[in-house]
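The values are calculated or read from the model by the stated rules, or taken from the named source; none is laboratory data. It should be emphasised that the depicted structure is a prediction, and the values quoted were computed from it without experimental measurement. Virtual Cβ from ideal backbone geometry, glycine too; neighbours counted across all protein chains shown.
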Amino acid sequence: MNLARSRDRQVYLRSHPVLFALLAATRRRPVVRLGRTVLVHGPDAYREVLTRVPLDRTAAGTTGGAAAELTDGGLLFDQEGAEHRAARRDLATALGSEGVARLRPVWQSVLRERLFPGKVVDLVPVVRELAGATAAALTGSSAEPLALALAAFDAASAAARDHLPGLLPHRRDPRAADRLNAMLPDSLDAMLTVAAVNTTVAALPRAAAWCARAGLWPEVSAELAAELLRLTAPSPILPRVAAADATVAGCPIRGGDRLVLVARHAAEGHRAVPADPAFAQQAVFGAGPHACPGAQLARVQLTDFLAALAPYRPVVVRAEVDRRSALPGYASLLVRKG
């Protein structure tokens, strides 16, 4: 387990060294102010921000702001009041039990076709195809799955340069969002596709590597998948902006402050045993009205992925961290049959 934890931690430090070194150095305090930026680490403070602090969903430098760029000013959840709640209900239905049952054969088909045609396989392109196929089925896109996944990767990578410190010193591609939108029937599907593809490509290979290094293949289950999502926290931070003054864990928050909500630390992903296991496993998906509606799909998809791998008892042959991705993950993860 210690080897798995140590190797997974290197994914963060090698992919985004400035950001995660800063977060590691400040994590012992629940809330830390750095000028007009507030880092929120503690589980209670994290929950309080997401459930009690008014947030500006469309501010520049936030996930919502990035969504507005991807959708030419439109936004999946930019409505207020009843409209906002209705949009979330519709998506929750699409990603709920019936939606998962409809989408599940899509990713299971990819797993049957792509896992271990030989002794060695690179799990990253397999997961990209799985994620692209799922996103295409969810949005009604006719795009080729791998092409859709790569377009979503490029769009997320471009957006991340705008709102995460110290990331991705490469030249920005201004056409990334246009390529993605051209593949989708509705521009509002862009943010959904970006979120679904990039979190999947970040999460699944890292969970497989953890299982291989910790010898967990005989223990694969839905419960293990949920715990691995907590430990790996594939979306480790949530960038937000306060819409009004508030106080969190004794720290004054001013309207307009930039909030960096550290989901990894709120979920206590750096600890083997969290203080509140139920909240910790939920924290990686947000909390309250800002919780991710795709949590159920993510857990089922990871469970199926690990279950498909488990009979082969894969062993990691080579792992290469992706330095371009918006989320910490692998560019390549070669595994062989154990």
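When residues in the range 195-226 are screened for being crowded, with 19+ Cβ neighbours inside 10 Å and either under 17 Å from V127 (Cα atoms) or not hydrophobic (A, V, I, L, M, F, W, C) (or both), 20 of them pass. Across the range 10-23, the qualifying residues are those that are surrounded by fewer than 16 Cβ atoms within 10 Å (Cβ to Cβ) and touching a residue at least 40 places away in the same chain (Cβ under 8 Å), and the one among them that is nearest to A209 (Cα to Cα) is Q10. Taken over the range 288-338, residues that are closer than 15 Å to G215 by Cα and more than 18 Å from the chain's Cα centre (by Cα) amount to 14.
Taken together, the criteria exclude A283 from residues that are over 20 Å from the mean Cα position of the chain (by Cα) and not aromatic (F, W, Y). Residues that are exposed (fewer than 14 other Cβ atoms within 10 Å of the Cβ), part of a helix (DSSP H, G or I) and of a type outside the set (D, E) within the range 103-136 comprise P105, S109, R112, listed in sequence order.
Of the numbered criteria (1) β-branched (V, I, T); (2) outside any helix (DSSP H, G or I); (3) at pLDDT 90 or above, the one V100 fails is (2).
Of everything in the range 112-158 that is charged (D, E, K, R) and modelled with pLDDT under 95, the residue that is nearest to G338 (Cα to Cα) is K119.
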